[in-house]
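**Student:** There's a structure below that I have some questions on.
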Amino acid sequence: MDEGKAKIIDEIISKYASRTGRVLSVLEELQEKEGYLSKESLKYISTRLNVPLSDLYSVATFYSFFNLKRAGKNIITICMGTACYVKGAPKLLEELEKLLKVKEGETTPDGSFTIRSARCFGACSMAPVIRVNDRTYGFMSPERLPAFLKLYGWKQG
Amino acid sequence: MRVRSLDDLKAIAQRALEKLCGRRIRIAVGLATCGIATGAEEVYSAFLKGIESLKRDILLTKVGCIGYCREEPIVNVVIPGKALLLLSRVRPEDASEILKNLIDGDVPREKIVCRVKEWDHLLEKIHYGDGFTDVSLYEDTPFFKHQRKIVLRNAGIINPEDIEEYIAVGGYRSLYKALTEMTPEMVIEEVKRSGLRGRGGAGFPTGLKWEITAKSESDERYIICNADEGDPGAYMNRNEMESDPHSLIEGMIIGGYAIGAKEGIIYVRAEYPLAISRLQIAIEQSRRYGLLGENIFGTDFSFDIRIVKGAGAFVCGEETAMIASIEGETGRPRPRPPFPAEKGLWGKPTNINNVETWCNIPVIVYKGGEWFSKIGTKNNTGTKVFSLVGEVQRVGLVEVPLGTSLKRIVYDIGNGCPDGLKVKAVQIGGPSGGCIPEGLLDIPVDYESLKEVGSIMGSGGMVVMSERTSMVETAAFFVSFTSEESCGKCAPCREGLKQMLNILNKILMGKGSPSDLELLKELSETIKTTSLCGLGQTAPNPVLTTIKYFKEEYEELIKRYD
């Protein structure tokens, strides 16, 4: 564990003095900073919070928000909520997988895109919805996808 | 500034009223998640640029969402002394034209949805004025006509990031009343009298729940707001937090006082970044104004709120799983009893209510339980917010008195399916709910009637499905959701749902046999009766209701390949 990383984690931990909600909050904030939870980070948090590593691993794999693998530069998440489903989200995912040539949960070899799916963003009025990083886009269609991906630096071929 | 008295509140209200309907033109852009996703931020920037170049004293501000999601981006404008106008589908390129008109005291007609002469915030009324008599009134507009706003009384009208605007429409006056004129027992009594039932879905009487927690022997108690809105197709709570976070906060402080808790926790899902940020802003403002923290209103009552972000596990909407999650464990439910009211967070008595339940509290305390109990029906008082989505024309968030018929919501408010399609079913209650066929849409929306037809109230998702939706596929979709979200603790849910999904997929692939339907029903009954928590106990509902009401679709699939 290098010192810089340890310092980042120490700083995050220092923000959560109360034990209420601490484990989730620390893991969430670290992931927001690093993009994923590395093995070393989890080990270090385990000693600092005095929580067995097995318990932390259990938490990190139970919740869908956490990733143990590094994600791509842009994370495209397709909403699979009921309204999106009714309005064609499965076709959207199919097309996206075809265009980026990777499956849901995977990252393109050049590290620029990761495809994920979500339970529901609660933006059902604009179904089907996708989210790129933090931005939500509504009324998506398979036909709109290529032009849309180009905005994020995707090159066809 | 610290607020210490009713006079302090009134002084702030007076000042902030000037922002809502003062001497300046006010342009308010609807900036909740739905608005932003359709370009409302660009609309806001366009107005900002336009106002700067005009060098006019015009107030540009942001508001939450008024619920008419299909018409986003929505902007409301107020010309001093005239009616508030709701404008729909505003594009950045419309800004300069609208500004030009506003300065001349006018608004382009083609953008207007309706006008509001007076808005009832329930604790305060705001009179905007007349004018634009050729434009239809809010109360005559089909989408709004049958609605009654209690929970969403401020949504889309006030700036959610400005505590003073909340105070201007009567905010924190209920808290003042509770802390200075009522004992905790009186507050609980008032909530009991209102008849309010938990809006998270189960419908347990809120006042009774509070009383049990308050009476549990302990030196410490907690209250929790369940904002882990996990039902796909439901976004009422997201909008309530994004549009009017102080309503929730005030409700929780009053709850803390009544129950005897010093700390409240809002457990909100990580998928709602904007709601989280607005809650954080609101909490900080409340602290700065002395409405959260030590000695609120100079009394000896102290209370604070912290936010805990969920990390994407549907089962955490279940009370005991949520508590486990807050304690830093995997979100797996614990057997009840003991109920959280006796032994909850860190083993202390804990009261958990949904966002919407908390948002009703300030109104009940101020207007009285008696007033509230007259809205809705006898055992189902008050209103409920539903997200009316799927294949329906006027998509949006609607708040109606309980007991309103489904027909009214789907047809009168929602205007039925688009493209001339017929409504086939309405799915209510999230993945644990049921599919109600068109023929039964006469039923009133209340906890008992929905249960009778095999569904549940749930948190308020209402997904309309047209004749082109396959009900067997829909059932499989929900079971794949619940089986994936099963925490794995108890076998009926973990293994049973998996087997159920296998059978459904087999039927969909044309390999089903007639005995599969009986098997599905038998499996459903077992899962319902033997699962540990609500997730498993209700997960078979979509299968049971689709077999009950759309059996021919199953039989058709089985027969076709027989």
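**Student:** What aspartates and glutamates could a cross-link reach from B:Lys384, if we take a straight Cα to Cα line under 13 Å and drop same-chain neighbours fewer than 8 places away?
**Tutor:** Partners found: B:Glu240, B:Glu356, B:Glu399, B:Asp446.
**Student:** A further question on this structure: Within the range B:401-441, name every residue whose backbone N is under 18 Å away from a label modeled 7 Å from Cα of B:Ala202 along the Cβ vector.
**Tutor:** Under cut-off, by backbone N: B:429-433.
**Student:** Count the DSSP beta bridges whose two residues both fall in chain B, then state the antiparallel fraction as a percent rounded to the nearest 5.
**Tutor:** On the way: 34 of 64 bridges.
Percentage antiparallel, nearest 5: 55.
**Student:** Checking the cross-link filter: which lysines have an alpha carbon closer than 19 Å to that of B:Lys82, excluding same-chain neighbours under 8 positions apart?
**Tutor:** Output for B:Lys82: B:Lys19, B:Lys100, B:Lys111, B:Lys117, B:Lys125.
**Student:** For the range A:74-150, what is one quarter of the convex hull surface built on the Cα atoms, given in nm²?
**Tutor:** If I average the Cα hull's projected area over directions, I get 4.4 nm².
**Student:** Using only Cα atoms, tell me the angle between helix B:355-367 and the longest principal axis of chain B; keep it within 0 to 90° and round to the nearest 10.
**Tutor:** Once rounded, the angle reads 50 degrees.
**Student:** A further question follows. Could you tell me the center-to-center distance, by alpha carbons, between the range B:105-131 and the range B:306-322 in angstrom?
**Tutor:** Here the answer is 39 Å between Cα centres.
**Student:** Mind listing the phi-derived Karplus ³J(HN,Hα) values for the range B:51-60, rounded to whole Hz, using 6.51, -1.76 and 1.60 with θ = phi - 60°, and x for any glycine or proline?
**Tutor:** Ordered by residue, 3J(HN,Hα) equals 5, 4, 6, 7, 6, 10, 8, 10, 8, 9 Hz.
**Student:** If I take every Cα pair under 8 Å that is 6 or more residues apart in the range B:16-138, average their sequence separation and divide by the length, what percent do I get for the relative contact order?
**Tutor:** Details: 226 pairs, mean separation 31.3, N = 123.
Reported relative contact order: 25 percent.
**Student:** Moving to a separate point now. Counting other beta carbons within 10 Å of each residue's own, what order do B:Cys114, B:Cys490 fall into, fewest first?
**Tutor:** Numbers: B:Cys114 23, B:Cys490 20.
Arranged by neighbour count, lowest to highest, B:Cys114, B:Cys490 become B:Cys490, B:Cys114.
**Student:** How long are the semi-axes of the ellipsoid equivalent to the range B:445-562, from square roots of 5 times the Cα gyration tensor eigenvalues, in whole Å, largest first?
**Tutor:** On the way: eigenvalues 98, 70, 30 Å².
The answer is 22, 19, 12 Å, longest axis first.
**Student:** Dividing the convex hull volume of the alpha carbon atoms of the range B:14-147 by its residue count, what do you get in Å³ per residue? Provide the component values of the computation, followed by the final result.
**Tutor:** Numbers: hull volume 14.3 nm³, N = 134.
Given the Cα convex hull of the range B:14-147, per-residue volume reads 107 Å³.
**Student:** Modelled label-to-label distance, B:Asn502 and B:Ser302, 7 Å Cα→beta-carbon offset: nm?
**Tutor:** My value for the distance between the label points is 5.8 nm.
**Student:** Now for a different question. Sort largest first and round to whole Å: the equivalent ellipsoid semi-axes of the range B:384-466, each the square root of five times a Cα gyration tensor eigenvalue. Don't skip to the end; give the middle numbers.
**Tutor:** Working: eigenvalues 63, 34, 26 Å².
Semi-axis lengths for the range B:384-466 are 18, 13, 11 Å.
**Student:** Given the DSSP H assignment, sum -39500 (n - 2.57) over each helix run of at least 4 residues in chain B and divide by its residue total; what's the result at 222 nm in deg cm²/dmol, nearest 500? Could you put the intermediate results ahead of the total?
**Tutor:** Numbers: 22 runs with 229 residues, N = 562.
Dividing the helical sum by the residues of chain B leaves -12000 deg cm²/dmol.
**Student:** Using θ = phi - 60° and the Karplus curve 6.51 cos²θ - 1.76 cosθ + 1.60, what whole-Hz ³J(HN,Hα) does each residue of the range A:143-155 get, with Gly and Pro shown as x?
**Tutor:** Along the range A:143-155, the couplings run 5, 7, 4, x, 4, 5, 5, 4, 4, 9, x, 7, 10 Hz.
**Student:** How much length is gained on full extension from B:Met509 to B:Met1, taking 0.36 nm per residue of separation minus their Cα-Cα distance?
**Tutor:** Using 0.36 nm per residue and subtracting the Cα-Cα distance, I get 176.3 nm.
**Student:** Whose amide H sits under 5 Å from the amide H of B:Gly461, counting only residues 5 or more places off or on another chain, with H placed in the peptide plane?
**Tutor:** B:Ser387, B:Gly429, B:Gly430
**Student:** Another question, then. Between B:Glu518 and B:Glu484, what's the calculated FRET efficiency when r is the beta-carbon distance and R0 is 35 Å? Round to 0.05.
**Tutor:** Values: r = 26 Å, r/R0 = 0.73.
Approximately 0.85, to the nearest 0.05.
**Student:** Using only C-alpha atoms and all pairs of different ones, pull out the Kirkwood radius for chain B in Å with one decimal.
**Tutor:** Values: mean 1/r = 0.0408 Å⁻¹.
Kirkwood radius, chain B: 24.5 Å.
**Student:** Excluding B:Gly430 itself, what net charge comes from residues whose Cβ is under 13 Å from its Cβ, given Lys and Arg +1 and Asp and Glu -1? Kindly include the intermediate steps, with their values, before the conclusion.
**Tutor:** Working: positive: A:Arg119; negative: B:Asp228, B:Glu229, B:Asp231, B:Glu318, B:Glu485.
Overall, the nearby charge balance is -4.
**Student:** Please give the Cα centre distance for the range B:72-103 versus the range A:23-96, rounded to the nearest Å.
**Tutor:** So the separation of the two Cα centres works out to 41 Å.
**Student:** On a C-alpha basis, how far is the centre of the range B:361-414 from the centre of the range B:149-226 in Å? Whole number, if you could?
**Tutor:** If you average the Cα positions of each part, the centres end up 18 Å apart.
**Student:** Which angle from 0 to 90°, rounded to the nearest 10, does the C-alpha axis of helix A:22-34 make with the longest principal axis of chain A?
**Tutor:** Roughly 60 degrees, rounded to the nearest 10.
**Student:** Where in the range A:61-141 are there trypsin sites (Lys or Arg not before Pro) that are in a DSSP coil and have at most 13 other Cβ atoms within 10 angstrom of their Cβ? Don't skip to the answer; put the middle values down first.
**Tutor:** Numbers: sites: A:Lys69, A:Arg70, A:Lys73, A:Lys87, A:Lys91, A:Lys98, A:Lys101, A:Lys103, A:Arg116, A:Arg119, A:Arg131, A:Arg135; in loops: A:Lys69, A:Arg70, A:Lys73, A:Lys87, A:Lys101, A:Lys103, A:Arg119.
Of the trypsin sites (Lys or Arg not before Pro), the ones in loops of the range A:61-141 whose Cβ has at most 13 other Cβ atoms within 10 Å are A:Lys69, A:Arg70, A:Lys101, A:Lys103.
**Student:** Show the residues, 5+ positions off or on another chain, whose built amide H is closer than 5 Å to the amide H of B:Lys424.
**Tutor:** Excluding prolines and chain starts, which carry no amide H, the hits are B:Met465, B:Ser466, B:Glu467.
**Student:** Further question on the same structure: Putting +1 on Lys and Arg Cβ atoms and -1 on Asp and Glu Cβ atoms, find which of B:Cys435, A:Phe121, B:Gly50 reaches farthest to the positive end of the dipole of the protein assembly as shown.
**Tutor:** About the Cα centre, the residue reaching furthest to the positive side is B:Gly50.
**Student:** Any idea which of B:Pro335, B:Thr357, B:Ser373 is furthest toward the positive side of the dipole for the range B:304-389, if Lys and Arg beta-carbons carry +1 and Asp and Glu beta-carbons -1?
**Tutor:** Of the candidates, B:Ser373 comes out farthest on the positive side.
**Student:** With an 8 Å cut-off on Cα pairs and a minimum separation of 6 or more residues, tell me the relative contact order of the range B:458-562 in percent.
**Tutor:** On the way: 101 pairs, mean separation 34.8, N = 105.
Worked out over the range B:458-562, it gives 33 percent.
**Student:** Can I ask one more? Would you calculate a helix-derived [θ] at 222 nm for chain A, using -39,500 (n - 2.57) for each DSSP H run of n ≥ 4 and dividing by the full residue count, to the nearest 500?
**Tutor:** On the way: 7 runs with 69 residues, N = 157.
Taken over chain A, the calculation gives -13000 deg cm²/dmol.
**Student:** For chain A, calculate the relative contact order in percent as a whole number, restricting contacts to Cα pairs under 8 Å that are 6 or more residues apart.
**Tutor:** Working: 198 pairs, mean separation 29.5, N = 157.
About 19 percent, as a whole number.
**Student:** Between their Cα atoms, which of B:Lys177/B:Lys348; B:Lys407/B:Lys559; A:Lys15/B:Lys309; A:Lys7/A:Lys39 are more than 25 Å away from each other? Don't jump to the answer; show the numbers that get you there.
**Tutor:** Values: B:Lys177/B:Lys348 28 Å; B:Lys407/B:Lys559 33 Å; A:Lys15/B:Lys309 15 Å; A:Lys7/A:Lys39 16 Å.
Among B:Lys177/B:Lys348; B:Lys407/B:Lys559; A:Lys15/B:Lys309; A:Lys7/A:Lys39, the Cα-Cα distance tops 25 Å for B:Lys177/B:Lys348; B:Lys407/B:Lys559.
**Student:** For the range B:172-372, state what percent of all Cα-Cα pairs lands in each successive 5 Å bin, counting from 0 Å until the bin that includes the largest distance.
**Tutor:** 1, 8, 17, 22, 22, 17, 9, 3, 0
**Student:** Looking only at Cα atoms, what is the convex hull volume of the protein assembly as shown per residue, in Å³? Spell out each step's value before the answer.
**Tutor:** Working: hull volume 118.9 nm³, N = 719.
For the protein assembly as shown, the hull spanned by Cα atoms encloses 165 Å³ per residue.
**Student:** Along its principal axes, what span do the Cα atoms of the range B:17-91 show, with the longest given first and each in whole Å?
**Tutor:** 31, 26, 16
**Student:** Filter the trypsin sites (Lys or Arg not before Pro) in the range B:330-375 down to the DSSP loop ones having no more than 15 other Cβ atoms within 10 Å, then list what survives. Could you put the intermediate results ahead of the total?
**Tutor:** Working: sites: B:Lys343, B:Lys367, B:Lys374; in loops: B:Lys343, B:Lys374.
Answer in residue order: B:Lys374.
**Student:** Angle, helix B:515-530 long axis vs. longest principal axis of chain B, Cα atoms, 0 to 90°, nearest 10?
**Tutor:** Roughly 60 degrees, rounded to the nearest 10.
**Student:** Can you report the principal axis dimensions of chain A using only the alpha carbons, biggest first, rounded to whole angstrom?
**Tutor:** Rounded to whole Å, the extents work out to 50, 32, 23 Å.
Values in this text are rule-based calculations from the coordinates and carry no lab data. What you see is a predicted model, and the numbers here were worked out from it, not measured in a lab. Backbone-built Cβ (ideal geometry, glycine too); neighbour counts: all protein chains shown.
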